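**Q** Have a look at the structure that comes next, please.
The values are calculated or read from the model by the stated rules, or taken from the named source; none is laboratory data. Bear in mind the structure is a predicted one, so any value in this text is a computation, not a measurement. Using ideal geometry, Cβ is built from the backbone for each residue, glycine included, and neighbour counts are taken over all protein chains shown. Side chains included, ligands, DNA and RNA excluded: accessible areas come from the protein's heavy atoms. Shrake-Rupley method; radii C 1.70, N 1.55, O 1.52, S 1.80 Å.
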Amino acid sequence: MTTHPTTDTAPNTGADADTGPGNGPAPRTLTEAELSQLLGEQQFGVLASVRRTGHPHLTTVLYSWDAKERVVRVSSTADRLKPRQLRTDPHAALHVNGPDVFSFAVAEGEAEVSAPAAVPGDAVSRELLSLTPGFEDPAEEAAFLAQVVADRRVVIRIRVSRLYGTALDIPAAD
């Protein structure tokens, strides 16, 4: 009878015995400080909201993390699906990849959706401006503030009540 390496049931006793399925290191739970740092270092994440059917709705978003206030901010437009869903059911989660495929952070909380920016320079348009790197030219800033009003932009604020995530510490290959 011929055996094949992929179907042989003998225990793995070779040099790679400690790297087979289930033999690697366990994920490490990230600390609150590590989670906050990861959220602050990244810019893109996947925002999850709840559809009326109860199913999750996932969208890749550009976000801003305010560690002091424990608030995630996302810019959207008033008529998009995500703000409409969050007005109906404010439960939200933001999933952020870490610097490698083995780490992640999740920020969960309840979202609130601002009113649309109504006048260039109002509180909502200034909050949206704070999500940008800023503008050196006052004319560019004025154009941005006018555009957020024209786009009917809103700020989605997730007041984070829970952070969690893990990392998988894998030693570097020799």
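**Q** Tell me which residues, restricted to region 105-116, are over 25 Å from A67 (Cβ atoms) and small (G, A, S).
**A** A115
**Q** So, in region 123-157, of the ones that are within 22 Å of the chain's Cα centre (by Cα) and basic (K, R), which residue ends up nearest to P90 (Cα to Cα)?
**A** Selected residue: R157.
**Q** Out of E110, E140, I need the residue that is under 21 Å from G40 (Cα atoms) and out of contact with any Gly (no Cβ under 6 Å at 6 or more places or on another chain). Which one?
**A** E110
**Q** State the number of residues belonging to region 63-103 that are touching a strand residue (DSSP E or B) at 6+ places or on another chain (Cβ under 8 Å), farther than 17 Å from A115 by Cα, without any contact (Cβ under 8 Å) to a residue 40 or more places away in the chain and not acidic (D, E).
**A** Residues in region 63-103 being touching a strand residue (DSSP E or B) at 6+ places or on another chain (Cβ under 8 Å), farther than 17 Å from A115 by Cα, without any contact (Cβ under 8 Å) to a residue 40 or more places away in the chain and not acidic (D, E): 1 in total.
**Q** So, in region 115-147, exactly how many residues are assigned to a helix (DSSP H, G or I), touching a helix residue (DSSP H, G or I) at 6+ places or on another chain (Cβ under 6 Å) and either under 30 Å from L35 (Cβ atoms) or open to solvent by 50 Å² or more (accessible area, probe 1.4 Å) (or both)?
**A** 1
**Q** Pick from region 1-42 the residues that are modelled with pLDDT of 80 or more and among the β-branched types (V, I, T): which of them is least open to solvent (accessible area, probe 1.4 Å)?
**A** Filtering first and then ranking leaves T31.
**Q** Of all residues being in contact with a helix residue (DSSP H, G or I) (Cβ under 6 Å, 6 or more places away or on another chain) and part of a loop (DSSP other than H, G, I, E, B) in region 65-114, which is most open to solvent (accessible area, probe 1.4 Å)? Just the residue, please.
**A** Among residues in region 65-114 that are in contact with a helix residue (DSSP H, G or I) (Cβ under 6 Å, 6 or more places away or on another chain) and part of a loop (DSSP other than H, G, I, E, B), the one most open to solvent (accessible area, probe 1.4 Å) is A67.
**Q** Within the set of pairs 6+ apart or on separate chains, which have a first residue in region 141-160 that is within 14 Å of A118 (Cα to Cα), a second that is charged (D, E, K, R), and C-beta atoms under 7 Å apart?
**A** R152/D79; V155/R73; V155/E127
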